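I have placed the structure first, in the form of structure tokens, so that the comments after it can refer back to it.
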């Protein structure tokens with residue numbers, strides 16, 4: 001009986017600690033804001049705002065660093081008053097997170113207002129998202145990506161696909177509702193596999209026609225309806241380079257806002273060395289080739305876009321470290337260098 005009481009006591013203590021963890025309390029609070037319009041509306045008056053103009057985020061340069069400023073509700077009200085706008089603009093914001101102290105963070109699209117006035121008032125500039133993701137602190141990149149993706153989703157889902165009537169967003173922006181049909185729409189992401197193919201001693205990288213000059217990356221492709229990740233990896237490798245995957249291993253995942261909102265699922269795929277002759281699909285790829293370890297290491301040293309030679313050609317370079325393809329390549333190098341001779 002004493003042992004039972006001790007076990008119950010330990011379980012109760014564990015539950016109390018878990019429910020008091022900063023992460024759990026923060027997630028519970030965010031969920032309440034998503035589900036309770038009145039509570040979220042109150043939170044807007046004490047929250048902070050990331051600003052966007054035509055889906056470009058607002059940044060401030062301090063020294064050599066680019067910061068994502070959190071604009072207070074009071075400052076937001078001051079800016080809106082310049083344009084003689086009411087606080088109803090804040091109702092257009094979307095919830096994107098909160099601090100450990102439960103200060104809610106929102107994103108707000110101001111594309112209908114004069115950009116230069118906002119930039120002058122707040123001492124910063126609206127920057128293309130692709131550039132912004134690579135100049136801000138790593139902890140801010142996911143915030144900007146998710147904020148822009150959510151704002152983009154709301155802009156493109158203003159009407160119900162069943163009734164054709166306008167949809168209404170809840171205060172947090174976590175869903176849109178068609179009151180005519182009763183359909184509730186939630187933001188969605190498209191799953192994409194990013195696959196680094198290896199034959200054991202080399203890895204395969206490719207170029208799409210849309211890539212910057214000289215850039216090579218891992219293979220990638222959208223999951224088809226009804227496919228699991230393993231099936232998508234095998235199909236994409238077969239379609240794009242004509243190779244049959246023998247085995248694969250999951251690495252990690254990453255939200256990526258381009259072209260709209262994607263969940264990048266990174267995997268390593270192994271093919272047999274004796275069956276490693278590439279048969280490239282020229283409709284999807286511009287070039288695909290094998291890279292040895294030494295060449296991969298050299299390419300990793302090159303800064304993105306800095307590989308142009310005097311004759312006008314470009315040395316190979318890889319996606320920057322913020323991209324999950326870069327992580328796959330680094331993992332492959334580590335695996336190769338840790339193998340016994």
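The values are calculated or read from the model by the stated rules, or taken from the named source; none is laboratory data. Since the structure is predicted, the reported quantities are computational estimates derived from the model, not experimental observations. Here the Cβ positions follow ideal geometry from the backbone for every residue, glycine too, while neighbour counts run over all protein chains shown.
Here is how the numbers come out for the structure above:
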read-out	value
Those residues of segment 107-130 which are touching a residue at least 60 places away in the same chain (Cβ under 8 Å), under 17 Å from the mean Cα position of the chain (by Cα) and not in a loop (DSSP other than H, G, I, E, B), in sequence order	129, 130
Members of segment 131-148 that are part of a helix (DSSP H, G or I), more than 12 Å from the chain's Cα centre (by Cα) and within 18 Å of residue 48 (Cβ to Cβ)	132
Residue within segment 218-227 that is crowded, with 17+ Cβ neighbours inside 10 Å, in the same structural domain as residue 326 (by TED's automatic domain parsing) and over 20 Å from the mean Cα position of the chain (by Cα) present	no
Among (1) under 30 Å from residue 157 (Cβ atoms); (2) crowded, with 19+ Cβ neighbours inside 10 Å - the single one residue 327 does not satisfy	(1)
Strands (runs of 3 or more DSSP E) (entirely within segment 235-300) containing at least 2 residues that are at pLDDT below 95, surrounded by 14 or more Cβ atoms within 10 Å (Cβ to Cβ) and assigned by TED's automatic domain parsing to the domain that holds residue 328	247-256
Identity of the residue in segment 101-133, in contact with a strand residue (DSSP E or B) (Cβ under 8 Å, 6 or more places away or on another chain) and over 20 Å from residue 155 (Cβ atoms), that ends up surrounded by the fewest Cβ atoms within 10 Å (Cβ to Cβ)	123
Subset of segment 272-290 [out of contact with any strand residue (DSSP E or B) (no Cβ under 6 Å at 6 or more places or on another chain) and either without any contact (Cβ under 8 Å) to a residue 24 or more places away in the chain or over 14 Å from residue 220 (Cα atoms) (or both)]	272, 273, 274, 275, 276, 277, 279, 282, 283, 289
Residues satisfying the stated conditions in segment 200-223, i.e. out of contact with any strand residue (DSSP E or B) (no Cβ under 7 Å at 6 or more places or on another chain) and free of Cβ contacts under 8 Å to residues at least 60 places away in the same chain	210
Segment 149-180, residues that are loosely packed, with under 15 Cβ neighbours inside 10 Å and outside any loop (DSSP other than H, G, I, E, B)	155, 156, 159, 166, 168
Residue in segment 188-199 that is over 23 Å from residue 230 (Cβ atoms) and part of a loop (DSSP other than H, G, I, E, B) present	no
Lone qualifier among 251, 261 - being more than 17 Å from residue 328 (Cβ to Cβ) and either in contact (Cβ under 8 Å) with a residue 12 or more places away in the chain or under 22 Å from the mean Cα position of the chain (by Cα) (or both)	261
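For (1) surrounded by 13 or more Cβ atoms within 10 Å (Cβ to Cβ); (2) modelled with pLDDT of 90 or more; (3) assigned by TED's automatic domain parsing to the domain that holds residue 123, each residue gets a yes or a no:
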| site | (1), (2), (3) |
| --- | --- |
| 5 | no, no, no |
| 20 | no, no, no |
| 51 | yes, yes, yes |
| 59 | yes, yes, yes |
| 73 | yes, yes, yes |
| 88 | no, no, yes |
